[in-house]
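Student: One structure follows; several queries about it will come next.
The values are calculated or read from the model by the stated rules, or taken from the named source; none is laboratory data. On a predicted model such as this, the values are computed, not experimentally measured, just so you know. Note that each Cβ is placed from the backbone with ideal geometry, even for glycine, and that neighbours are counted across all protein chains shown. Accessible surface is based on the protein model in full, side chains and every heavy atom, while ligands, DNA and RNA are left aside. Shrake-Rupley method; radii C 1.70, N 1.55, O 1.52, S 1.80 Å.
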Amino acid sequence: MAWRTPYDPAEPVGGEALCPGRVLALDVPPMTGREVAALLAGQPGPAWPQPVLARLQAASGGNPYTAVALSRALADEVRRTGRDPVGGPLPVPAALRRLLLGRLAPLSPQARRTLLAASAAARPTVALLRRAGCGTAQADVHEAVLLGLVEPSAAGAVRFTQPLTPRVVYEAADRAELRHVHTALAEAADDPVERAHHLASLSPGGSAETAAALTAAAATARRRGAPAVAARLGQLAADRTPWGDPAADAELRLTAAEDALAAGDYALARGIAHEVLAGAARPADRVRAWIVVLDSSGQAMAEVADVFPRALEDASGDPELLARLHYRLSWRAWLVEGSAAAALTHAARSAVLALHAGDRRTELLALTQQSALEFYLGRPAAEGTLRRALAAPQDPRVLFDHNGPVFLKHRRHLLHDRLDDARTELRALVYTVRHRGSAESLCHCLSGLAQVEILRGRCEAAMDLAHQALRVTEQAGLSQGPAWYAVALAEAAGGAADRALAAADRARRHSEDDDDQLFLPRALHAEGHVRLLRGEPDAAVHALQRVRLLETGQGQGDPAVRRWQSDLAEALVATGRADEAAELLAETRAQAARLGRNGLLAVLDRAAALVTEAHGDPAVAAVRLGRVAARLAALPYRLEEARTHLALGQVQARRGETGAARTALAEAARLFTRAGAHPWLAVTTGALDRLDVPAPAPAAAPGLDALTPTEHRVALLVAQGASNREIAAHLTISVKTVEAALTRAYRKLSARSRVALARAVLARSGRL
């Protein structure tokens, strides 16, 4: 039995009488953004982009009926007018409007007048309504609360339960009523932002006084850390400014567009920027507008590639404007072209131009980008460049930006295994960005902090942070690849492997859709990591080899920047390609040793020990894994330490050393439990359970199961008369790998020639 909340207090509240026996009453919660997206995906009509889905969820308040009605009305309007669905107000269909207004029918006339005043206010409170002439505001709001129209609030704030209610109430009022309400609220408001809102409503035409009040109010909202409010007020100020000064109009609109960028309202930012481009003649205004268009594209810079030639033409000969564009060209080279070297050239050029132009903000951003690229390429100059970016004078907007030097500083800490320092930097940054930064910066800071917590072995905290980042991303309509990547890593560490794989797939698809070469390798690494965790080494190798190809093409020179190498090496060993793993580890180890990346070297040595086992020396492998575990115990990487104990236990179990294996696996289980690493704990528990299963009776002589998959395939082809070169071509491996596999197969099967090896293989496979 289900029923809607009644509109009339006289109606029965529940339908328990219609149900036999005892009844469990459940309130249906609002649908989340993802649930609304799934609901609308099953409806006829267009597939809305994420910004539209976010607006539909917010406007509907998570009510499925309302979300479907709004979606259908928007689809009809887009078909009829051809308008961009991302911008402009959502159309409210007549049936939904009548339904919402019908909920107000039981209200007293005085309560309806009070709710109209609340609908007109920017931030309605009982105190404001009382000062504006609603003497019974407290009782009127209480009446609305009983009807479910307004949420109860001990602080006196008036929040409508259904987000569309204030809009339909306001639009249903006549002009005289609205003028009276706005006049009363303007006189009652003690807040400049609130007062400017009402002055704008009272003066729909041009008015220098109103425009000045709106501009001042926008500045107040900006100082308060409310860029969305500042953007709306700034746009109103431009609309109310008397015509006659195009430069002043462009300044007001561009400031509003930049506020919209900071608020994450990219559709509004782009719309205002294109308004400026349609009429601006000054190159500085045009370039500033082009930059808003570029910055509002997020990770999808490939979609705005045609902007750069026009912007560079407008900026010709101006060092300050060229500095800003070269900074963004650097991002394009990395995101779209996948070339860190080309990106570094643009970043360094931007820093020099900005220095000469006296544009410290752009210089700081360019130096940070230059340093990040130098770290990625393994250049020793990176540390010095970062020090220059951190030096005074600073710009607060850059300090609290995810592309600023403080954010990069936490990454430098990670390179040097200083996880606590990285966490301290990011926690302070998250706190500040919540109040003063952009939605995109908050998303990246939360994602970065989640990854630090994973490394520290605090998986529950990482899960919470990663999902916070995803919510911020969805609400702001940002590119979702980075947030889903963080969710995939967090779920793999402390959630569920299936959810982790689904998140990694979402990260990969979003990055591919955006043509984002920066986050695509990370998404693929997440997928390969999860596949390895799930015991799917072939699929892991496939994903991680793509990572290797992309990272090599981009010019990665510091393997500690993105640590995928050990996962690929372990997956290669598990698929019988130990020699390839050894080559990868030798190459990576040389880079890590040159740069002093001690934490990464320890993890690489764990993979190298597994290569040693695959080469036929499990005893040596066990000793090396024990040493790696001791080294990691002195470092802050708790999950890596636990994974090493797990690998040690598995090696010892394969050697038949049950007691030693149980000790190592128990230590791994203890560490995983303490970290809340549930997927890894499940793997460890499974390994412990298998120790209690009786082993089969030993064979009289070594069998084919002593061979790795590669050794087995090579031996079978030898038995069929194939040469080493033919085997290499058939298996798509090098002749050197074939020779190494043959050497190990000879030893394991006690064979001294190819003929003896062929006889041993055929005899043990039952063919002789």
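Student: Cβ-Cβ distance below 7 Å, separation of 6 or more or different chains: which pairs start in the stretch 275-292 with a residue that is free of Cβ contacts under 8 Å to residues at least 40 places away in the same chain and end on one that is acidic (Asp, Glu) and not in a helix (DSSP H, G or I)?
Tutor: Pro283/Asp318
Student: On to the next question. If you scan the stretch 155-213, which residues turn out to be closer than 30 Å to Gln57 by Cβ and either open to solvent by 40 Å² or more (accessible area, probe 1.4 Å) or of a type in the set (Ser, Thr, Tyr) (or both)?
Tutor: Residues satisfying the conditions are Ala155, Arg159, Thr161, Pro163, Thr165, Arg167, Tyr170, Glu171, Ala172, Ser201.
Student: In addition: Can you list the helices (runs of 4 or more DSSP H) found entirely within the stretch 324-407 that contain at least 3 residues being more than 19 Å from Glu425 (Cβ to Cβ)?
Tutor: In the stretch 324-407, the matching helices (runs of 4 or more DSSP H) lie at 340-357, 360-377.
Student: Then there is this: Just to be sure before I move on: is Leu501 among the aliphatic types (A, V, I, L, M) and open to solvent by less than 20 Å² (accessible area, probe 1.4 Å) in the structure I sent?
Tutor: Values: among the aliphatic types (A, V, I, L, M): yes; open to solvent by less than 20 Å² (accessible area, probe 1.4 Å): no.
No; evaluated as a whole, the condition is false for this residue.
Student: So which of Leu408, Leu419 ends up being within 19 Å of Ala389 (Cα to Cα) and either in contact (Cβ under 8 Å) with a residue 12 or more places away in the chain or among the hydrophobic types (A, V, I, L, M, F, W, C) (or both)?
Tutor: Details: Leu419 fails: within 19 Å of Ala389 (Cα to Cα).
None of the other options fit; the residue is Leu408.
Student: Answer yes if at least one residue in the stretch 138-160 is among the β-branched types (Val, Ile, Thr) and within 24 Å of Trp48 (Cβ to Cβ), and no otherwise. Before the answer, list the steps.
Tutor: Let us first name the residues in the stretch 138-160 that are among the β-branched types (Val, Ile, Thr), namely 141, 145, 150, 158.
Adding the requirement that they be within 24 Å of Trp48 (Cβ to Cβ) leaves none.
Scanning the stretch 138-160, I find no residue that is among the β-branched types (Val, Ile, Thr) and within 24 Å of Trp48 (Cβ to Cβ), so the answer is no.
Student: Any idea which residue in the stretch 379-406 is nearest to Arg423 (Cα to Cα), counting only those that are of a type in the set (Asp, Glu) and out of contact with any Phe, Trp or Tyr (no Cβ under 8 Å at 6 or more places or on another chain)?
Tutor: Glu383
Student: Within the stretch 278-299, restricting attention to residues that are outside any helix (DSSP H, G or I) and within 15 Å of Leu261 (Cα to Cα), which residue is modelled with the lowest pLDDT?
Tutor: The initial filter retains those residues of the stretch 278-299 that are outside any helix (DSSP H, G or I), namely 280-282, 296-299.
Now drop any that are not within 15 Å of Leu261 (Cα to Cα), which leaves 296-299.
Working: Ser296: 83, Ser297: 78, Gly298: 66, Gln299: 59.
Here the answer is Gln299.
Student: Among the residues in the stretch 288-299, are any among the β-branched types (Val, Ile, Thr) and over 31 Å from the mean Cα position of the chain (by Cα)?
Tutor: As a first pass, look at the stretch 288-299 and keep what is among the β-branched types (Val, Ile, Thr): 291-293.
Next cut, over 31 Å from the mean Cα position of the chain (by Cα) only: none.
No, because not a single residue in the stretch 288-299 is among the β-branched types (Val, Ile, Thr) and over 31 Å from the mean Cα position of the chain (by Cα).
Student: Scan the stretch 140-154 residue by residue and report those that are exposed (fewer than 15 other Cβ atoms within 10 Å of the Cβ), not in a helix (DSSP H, G or I) and not small (Gly, Ala, Ser).
Tutor: Across the stretch 140-154, the qualifying residues are Glu151, Pro152.
Student: Within the stretch 170-198, which residues are basic (Lys, Arg) and over 11 Å from Ala213 (Cβ atoms)?
Tutor: Applying the first criterion (basic (Lys, Arg)) to the stretch 170-198 yields 175, 179, 195.
Correct list: Arg175, Arg179.
Student: Still on this structure, please answer the following. Can you tell me which condition Leu768 does not meet? The list is (1) within 26 Å of Val611 (Cβ to Cβ); (2) touching a Leu at 6+ places or on another chain (Cβ under 7 Å); (3) at pLDDT below 75, and all the others hold.
Tutor: (1)
Student: Test Arg654 against the stated conditions and say whether it is modelled with pLDDT of 80 or more, charged (D, E, K, R), in contact with an Asp or Glu (Cβ under 8 Å, 6 or more places away or on another chain) and open to solvent by less than 50 Å² (accessible area, probe 1.4 Å). Spell out the reasoning first.
Tutor: Details: modelled with pLDDT of 80 or more: yes; charged (D, E, K, R): yes; in contact with an Asp or Glu (Cβ under 8 Å, 6 or more places away or on another chain): yes; open to solvent by less than 50 Å² (accessible area, probe 1.4 Å): no.
Taking the combined requirement at face value, the residue does not satisfy it.
Student: Checking Val23 against (1) of a type in the set (Val, Ile, Thr); (2) modelled with pLDDT of 80 or more; (3) in contact with a helix residue (DSSP H, G or I) (Cβ under 7 Å, 6 or more places away or on another chain), which test does it fail?
Tutor: Exception for Val23: condition (2).
Student: Right, another one. Going through the stretch 302-323 one residue at a time, which ones are among the aliphatic types (A, V, I, L, M), without any contact (Cβ under 8 Å) to a residue 60 or more places away in the chain and in a helix (DSSP H, G or I)? Spell out how you get there, then give the answer.
Tutor: Let us first name the residues in the stretch 302-323 that are among the aliphatic types (A, V, I, L, M), namely 302, 304-305, 307, 311-312, 315, 321-323.
From the residues that got through so far, the ones that are without any contact (Cβ under 8 Å) to a residue 60 or more places away in the chain too are 304-305, 307, 311-312, 315, 321-323.
Scanning the stretch 302-323 gives Val304, Val307, Ala311, Leu312, Ala315, Leu321, Leu322, Ala323.
For every residue, the table says whether it meets (1) assigned to a helix (DSSP H, G or I); (2) out of contact with any His (no Cβ under 8 Å at 6 or more places or on another chain).
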residue: Leu101; (1), (2): yes, yes
residue: Thr114; (1), (2): yes, yes
residue: Ala117; (1), (2): yes, yes
residue: Ala122; (1), (2): no, no
residue: Cys134; (1), (2): no, yes
residue: Gln138; (1), (2): yes, yes
